[in-house]
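Colleague: My structure is below; once you've seen it, I'll send some questions.
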Amino acid sequence: MSTVLQIKPSEKFLRTERLPHIWCPGCGIGSALNCFIRAIDHLEMNLDKLIVVSGIGCTGRVAGYLKLDSFHTTHGRAIPFATGLKLANPELKLVVFSGDGDLASIGGNHLIHAARRNIDMTVICVNNFIYGMTGGQVGPTSPTQVRTTTTPYGNFEPPFNLPYLMAASGASYIARWTIIHLTQLESAIGEALNRPGFNFIEVISPCPTIYGRLNKKANGVEFLRYFQQGSVTRNGADPKEADIEFNGPIIVGKFIDKKRPTLGEGFSQVLKKAAERKKKD
């Protein structure tokens, strides 16, 4: 009698020999990764053309667990690395999967200019409001009043509202969901992968081990309850209104979905003009 192996849908996309993963109990990065896997599975994408690039940090480990062409790059440099791949081979489908500290702090300049240029890639930013892997320091998205290892009396620096930052920079698709909005998050990732331009998806995720311990949410259940009770779905909302305050409401939804010329289309126009001028000369 032949034996039929029951393989979970996620397993064919994972380097199972590298498991168990490093993420703490209650962390939401695994849920975000699962949504990504389900999205690419449902889209039946050409995996030979799909590239995942991550930076440094807890979310940066995503690239190492995926059984795809994936790159775990240096801190803050995931987007320029992905840009180089796209320019070298425009047929590739690029996904940058990293955290708020990596993308919006040391990599912040790359983030805004990639959105400005409308480079054809999807950026999935898992935002847990803190530097988790390096010791719990205050980050670029840490709400005011939040306690971290470097702000023991509460953060006084105003944080980035990432959807608003991306809208101001020119991103053509912007969405935000928490890790309890699994269906919506999977759908957003699928939408982003199916459209051209710079697509930005923020995933609000818990960090019970550090953020939670310092701010009286020391287990994942308390975070999930907060996400459930505090989330307000407002599709089409002005990203300017999507600020997140300490223990305040979390505006989620698809905020922007518009078409505008991509960087690749701009290059094509330049090459066309150059060819026409060469003929005249």
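Colleague: Looking at Phe246, is it hydrophobic (A, V, I, L, M, F, W, C), more than 20 Å from Pro143 (Cα to Cα), surrounded by fewer than 19 Cβ atoms within 10 Å (Cβ to Cβ) and over 19 Å from the mean Cα position of the chain (by Cα)? Steps first, please.
Modeller: Working: hydrophobic (A, V, I, L, M, F, W, C): yes; more than 20 Å from Pro143 (Cα to Cα): no; surrounded by fewer than 19 Cβ atoms within 10 Å (Cβ to Cβ): yes; over 19 Å from the mean Cα position of the chain (by Cα): yes.
It is false that Phe246 is hydrophobic (A, V, I, L, M, F, W, C), more than 20 Å from Pro143 (Cα to Cα), surrounded by fewer than 19 Cβ atoms within 10 Å (Cβ to Cβ) and over 19 Å from the mean Cα position of the chain (by Cα).
Colleague: Let me ask another. Is it the case that Gly135 is modelled with pLDDT under 95 and surrounded by fewer than 24 Cβ atoms within 10 Å (Cβ to Cβ)? Spell out the reasoning first.
Modeller: Working: modelled with pLDDT under 95: yes; surrounded by fewer than 24 Cβ atoms within 10 Å (Cβ to Cβ): yes.
So Gly135 fits the description; yes.
Colleague: Now a separate question. Evaluate the range 259-269: report whether one residue or more is part of a helix (DSSP H, G or I), buried (at least 19 other Cβ atoms within 10 Å of the Cβ), at pLDDT 95 or above and not acidic (Asp, Glu).
Modeller: At the first step, the residues of the range 259-269 found to be part of a helix (DSSP H, G or I) are 263-269.
Among the residues that remain, those that are also buried (at least 19 other Cβ atoms within 10 Å of the Cβ) are: 263.
Filter once more, keeping what is at pLDDT 95 or above: none.
Looking through the range 259-269, none of the residues is part of a helix (DSSP H, G or I), buried (at least 19 other Cβ atoms within 10 Å of the Cβ), at pLDDT 95 or above and not acidic (Asp, Glu).
Colleague: How about the range 1-105: which strands (runs of 3 or more DSSP E) wholly inside it have at least 1 residues that are among the aliphatic types (A, V, I, L, M) and in contact (Cβ under 8 Å) with a residue 24 or more places away in the chain?
Modeller: Values: elements: 50-54, 69-72, 93-99.
Once the strands (runs of 3 or more DSSP E) in the range 1-105 are filtered for at least 1 residues that are among the aliphatic types (A, V, I, L, M) and in contact (Cβ under 8 Å) with a residue 24 or more places away in the chain, what remains is 50-54, 93-99.
Colleague: Can I ask one more? Just the residues that are of a type in the set (Asp, Glu) and either touching a Phe, Trp or Tyr at 6+ places or on another chain (Cβ under 8 Å) or not in a helix (DSSP H, G or I) (or both), please, taken from the range 191-240. Write out each step before concluding.
Modeller: Filtering the range 191-240 for residues of a type in the set (Asp, Glu) gives 191, 202, 222, 238.
The answer is Glu191, Glu202, Asp238.
Colleague: When you check Ile251 against the structure, is it closer than 19 Å to Val146 by Cα, in contact with a strand residue (DSSP E or B) (Cβ under 7 Å, 6 or more places away or on another chain) and not acidic (Asp, Glu), yes or no? Let's see the steps before the verdict.
Modeller: Values: closer than 19 Å to Val146 by Cα: yes; in contact with a strand residue (DSSP E or B) (Cβ under 7 Å, 6 or more places away or on another chain): yes; not acidic (Asp, Glu): yes.
For Ile251, the condition - closer than 19 Å to Val146 by Cα, in contact with a strand residue (DSSP E or B) (Cβ under 7 Å, 6 or more places away or on another chain) and not acidic (Asp, Glu) - is met.
Colleague: Checking Ala168 against (1) hydrophobic (A, V, I, L, M, F, W, C); (2) surrounded by fewer than 19 Cβ atoms within 10 Å (Cβ to Cβ); (3) in a loop (DSSP other than H, G, I, E, B), only one condition comes out false. Which one?
Modeller: Every condition holds for Ala168 apart from (3).
Colleague: When you scan the range 113-123, do you find a residue that is part of a loop (DSSP other than H, G, I, E, B), at pLDDT 95 or above, on the phi > 0 side of the Ramachandran plot and crowded, with 23+ Cβ neighbours inside 10 Å, even just one? I'd like the intermediate steps shown before the answer.
Modeller: Taking the range 113-123 as the starting set, the residues that turn out to be part of a loop (DSSP other than H, G, I, E, B) are 118-120.
With the extra rule that they be at pLDDT 95 or above, the set shrinks to 118-120.
Within this subset, residues satisfying the condition of being on the phi > 0 side of the Ramachandran plot are 118.
Going one step further and asking which of them are crowded, with 23+ Cβ neighbours inside 10 Å, we end up with 118.
Within the range 113-123 (the criterion being part of a loop (DSSP other than H, G, I, E, B), at pLDDT 95 or above, on the phi > 0 side of the Ramachandran plot and crowded, with 23+ Cβ neighbours inside 10 Å), the answer is yes, since at least one residue qualifies.
The values are calculated or read from the model by the stated rules, or taken from the named source; none is laboratory data. Here the structure is a predicted model, which is why all the values come from computation and not from measurement. As a convention, Cβ positions derive from the backbone with ideal geometry for all residues, glycine included, and neighbour counts pool all protein chains shown.
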